[in-house]
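Values quoted throughout were computed directly from the atomic coordinates according to the rules given, and no laboratory measurement underlies them. What you see is a predicted model, and the numbers here were worked out from it, not measured in a lab. Note: ideal-geometry Cβ built from the backbone for every residue, glycine included; neighbour counts use all protein chains shown.
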Amino acid sequence: MPLSNTNTRYGSVTRAFHWLTALLVMTLIPVAIVASNLPYETSEQLALKAWLFSLHKTLGITVFFVALLRIVWALTQPKPAALHPERKAETFVAETAHWLLYGSLVLSPLTGWIHHAATTGFAPIWWPLGQDLPMVPKSDSVAALFGGFHWLFGVVMTITIALHVAGALKHHFVDKDATLRRMIGTKAELPPVTATHNSRAPLGAAIALWAAVLLGGTAIGAYDGHSVTTQAAALDEVSSDWIVEDGSIQIAVTQFGSKVEGSFADWTAEISFDPTISGTTSGNVEVVIAIGSLTLGSVTGQAMGPDFFDASQFETAVFTADIITEVDGFTADGTLRLKGTEVPISMPFRLSLEDETATVSANLTLDRLDFGIGANMPDESSLAFAVDVSIALTATRSAE
């Protein structure tokens, strides 16, 4: 059997690409469906869910490269003539479906790969290519946009494959012609066929359909991402001796060996501090954090759930501490109330003063189990115990 195509038959390389692609796609689609519907209430369930998503992503990258090679090969080969050129409408639909398939086999895994690179956490890709892509930032908006693209292209791929299979079966069982057999590779007897001119109309139709799908995605909100439904608590305004002008409270957790970083968007700090006092208590601070304002990469929704922060039940975390000015630095000594549990916290911090402006930074490591967070995951196989907290703020002394 020749490697290359002829004007009437597909060569063995084309057939190999066809069936390898079919095997990969027919595996990764059900894997994604199963993984999406699995629970993740225990370490074992989360590990299985992550493993299946890693398998889906790894197979998807494989499809991407196989599809590129398949397209390059197809461009160098003659295309076997249609067996029924007189059926113009049927031939047009089949050609359009082929263009849709080629496009989705490249665009669906590529957009999924970009979505993966733009976010953090959960289900690494197993190919030794790293988890990031050049020029793709870690961005929730980028992840949402390309996550929507990936879903839409995947839907088009699934529908087109179903139509492609239905057409092949129709040719085989209804028309009883050699359309399917010449892709399988059997020595099918072919009717006399003549080479046909490849029209660009099916490509134009495929592009028009892609445009319609992408516009439809805007209408249904496919690019909005999977937002967390928990409403962040509205925090009361505070009156403070020092007014926070700018700052951040960031956390980092380790899931399946990969760091996942996030931050709280809404928090208040009531600070009383006298920098002239040393060697004893020189002030106090109360920080209130809206738990629902947390974004934590791809696991934000999971973090808001009852097994973790339980944001709908425990809307805020509160850190109350005395500020101790020591010879060699400063310490905030108090308690952190989180998820209904109070834990003593002693947090050294760095402070620099310039006129009436104070700049503060601190790093702290907490144990999630101290607060009952992820108690259903009592080991570190899927989620590490340590939660790294980074605090930075700039405050100015109130004129009052």
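List of remarks:
- Choice from Pro39, Pro80, Pro134 showing the highest fluctuation, given a GNM over the chain with Cα pairs closer than 10 Å: Pro134
- Using 0.36 nm per residue and subtracting the Cα-Cα separation, the extra length available between Leu68 and Asp132 on full extension is 21.0 nm.
- Within a Gaussian network of the chain (alpha carbon springs, distance under 10 Å), most fluctuating of Asp367, Asp328, Asp307: Asp328
- With both labels modelled 7 Å from their Cα along Cα-to-Cβ, the Ala168 to Ala399 distance reads 7.6 nm.
- Volume per residue of the C-alpha convex hull in the chain, rounded to whole Å³: 180
- A cut-off under 14 angstrom between Cβ atoms defines the neighbours of Ala168, and their net charge, with Lys, Arg +1 and Asp, Glu -1, is +2.
- Net lengthening on full extension, Gln313/Arg200 (0.36 nm per residue, minus Cα-Cα): 34.8 nm
- Label-point separation, Thr281 to Ala81 (7 Å along Cα→Cβ), nm: 9.6
- Built amide H within the under 5 Å cut-off of Phe256, gap 5+: Leu383, Ala384
- Simple point charges give the picture: +1 on the Cβ of Lys and Arg, -1 on the Cβ of Asp and Glu, and for the chain a dipole about the Cα centre of about 4220 debye.
- For the stretch 84-168, the list of GluC sites (Glu not before Pro) that fall in a loop by DSSP and count at most 14 other C-beta atoms within 10 angstrom reads Glu86.
- Residue pairs, from the table Lys88/Lys176; Lys57/Lys339; Lys79/Lys176, whose Cα atoms sit over 24 Å apart: Lys57/Lys339
- Net charge of Cβ neighbours under 12 Å - reference Ala22; Lys, Arg +1; Asp, Glu -1: +2
- Scalar couplings 3J(HN,Hα) for the stretch 347-359, obtained by applying the Karplus form with A = 6.51, B = -1.76, C = 1.60 to θ = phi - 60°, are 10, x, 9, 9, 9, 10, 10, 9, 6, 9, 10, 10, 10 Hz; x denotes Gly and Pro.
- Potential lengthening between Asp236 and Gln45 on full extension [0.36 nm per residue; Cα-Cα distance subtracted]: 64.8 nm
- Of Gly148, Gly11, Gly60, the residue with the greatest mean-square motion in the GNM of the chain, using alpha carbon springs below 10 Å, is Gly11.
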